[in-house]
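Asks: Have a look at this one.
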Amino acid sequence: MPTMASHHALLPLPWVSSVSCVCMVAVAALLASTPAAASRALAGTGDPTVGFTAVRLSERNFVVQRPYDVPSGDRYSFHGGVRQLWVLSSDKPHDRHSNTSPRTEIRMTGYDYSSGVWQFEGYGYVPSGTTGVSVMQVFGAGESATTLMLHVYDGALRYYDRQVVEDNIYDRWFRLNVVHDVDASRLTVFVDGVEKLRVAGRGSDSHYFKFGVYAQNHASSFMESRWKDIRIFRKHY
């Protein structure tokens, strides 16, 4: 004969099925109403840094390149965790012997790489009016200077001056992750955790990351970008 405890265990619990139905309906509504949320939910966190290890960075790893004839403080500030970089289209190059366009960039040092999988992460901000400018690059290529450059033209973040990576980036913070798989010759760009671009590498046996403002074609007279929470990752196998 069943005991009192086992008898109760066999009784139906209508409230359990009711709660389960409510939860299932709520989840279904969320997935149907926001495809991006559905994708993230099905794929987990969608964090491109999962599986990577952050390297140790200090201020010595952040080397400012600015017009050679002005003090660093006239083109760069670091306050409250935000790195603000600006340059004029009429400025001199970063080196007296260079014929390149004006720039105020940070060259990440100490972690140049030639193999493996590396990743840059930072939160960027581009004020409206800044255009015709590179804001991030992966330096080093077989037949050119860079393997990847991200330009801003009229509020759109582009792969060089080609396809749009992210539209409407003016006057807002965006999270940027750039993954470089050297051995597979592949670069992947994420904006706010969503993959936006996947392109082939361009050769070279040495690479490093840069960010800031570097004048390109049709540059505005004043160019600025702001950055915070910069990190570099590598993948260990």
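Asks: Can you tell me how the stretch 81-162 classifies by the Cα gyration tensor, rounded, prolate or oblate, using a/c under 1.5 as the rounded cut?
Replies: In terms of gyration-tensor shape, rounded.
Asks: In whole Hz, what ³J(HN,Hα) sequence does the stretch 90-101 give by Karplus (6.51, -1.76, 1.60; θ = phi - 60°), x for Gly and Pro?
Replies: After applying 6.51 cos²θ - 1.76 cosθ + 1.60, I find 8, 5, 6, x, 7, 9, 4, 9, 9, 10, 7, 6 Hz.
Asks: Here is a follow-up. Under the Karplus relation 6.51 cos²θ - 1.76 cosθ + 1.60, θ = phi - 60°, what is the ordered set of whole-Hz ³J(HN,Hα) values for the stretch 171-181, x standing for Gly and Pro?
Replies: Along the stretch 171-181, the couplings run 6, 8, 7, 10, 8, 10, 10, 10, 9, 10, 9 Hz.
Asks: Separate question: Could you tally the net charge around Val133, taking each other residue with its Cβ under 14 Å from the Cβ of Val133, Lys/Arg +1 and Asp/Glu -1? If you can, show how the numbers build up before the last one.
Replies: On the way: positive: Arg75, Arg103, Arg158, Lys210, Arg226; negative: Asp91, Glu105, Asp154, Asp161, Glu224.
In short, 0.
Asks: So which lysines can Lys235 reach, going by Cα to Cα under 24 Å and dropping same-chain residues fewer than 8 places off?
Replies: The reachable lysines, counting only those whose Cα sits under 24 Å from Lys235, are Lys196, Lys210.
Asks: Kindly rank 120-129, 195-204 from highest to lowest mean number of other beta carbons found within 10 Å of each residue.
Replies: My ranking of the peptides, most packed first, is 120-129, 195-204.
Asks: Let me ask something else. With θ set to phi - 60° and the Karplus curve 6.51 cos²θ - 1.76 cosθ + 1.60, what are the ³J(HN,Hα) couplings of the stretch 146-156 in order, to the nearest whole Hz, using x for Gly and Pro?
Replies: Each residue of the stretch 146-156 in turn: 10, 8, 8, 9, 10, 9, 10, 10, 6, x, 10 Hz.
Asks: What number, in percent, do you get for the relative contact order of the stretch 97-152 if the mean sequence gap of Cα pairs under 8 Å and at least 6 apart is divided by its residue count?
Replies: 23 percent
Asks: Further question: Pairs of Cα atoms under 8 Å, at least six residues apart: use those to get the relative contact order of the stretch 138-237, whole percent. Mind dumping the intermediate values first?
Replies: Values: 142 pairs, mean separation 23.0, N = 100.
Result for the stretch 138-237 is 23 percent.
Asks: Just grab the label-to-label distance for Ser221 and Ser185, each label 7 Å out from Cα along the Cβ direction, in nm (one decimal).
Replies: 4.5 nm
Asks: What does the charge count around Val63 come to, taking other residues whose C-beta lies under 11 Å from its C-beta (Lys +1, Arg +1, Asp -1, Glu -1)?
Replies: Once positives and negatives cancel, what remains is +2.
Asks: When only Cα pairs under 8 Å and 6 or more residues apart are kept, what is the percent relative contact order across the stretch 54-211?
Replies: 22 percent
Asks: Accessible area per residue of the stretch 133-226 at 1.4 Å probe, in Å²?
Replies: I get 40 Å² per residue for the stretch 133-226.
The values are calculated or read from the model by the stated rules, or taken from the named source; none is laboratory data. Computed from a prediction, not measured in an experiment: that's the story for all the values here. All Cβ positions, even for glycine, are placed from backbone atoms using ideal geometry, and neighbour counts span all protein chains on display. These accessible areas exclude ligands, DNA and RNA; they are computed on the full protein's heavy atoms, side chains included. Shrake-Rupley method; radii C 1.70, N 1.55, O 1.52, S 1.80 Å.
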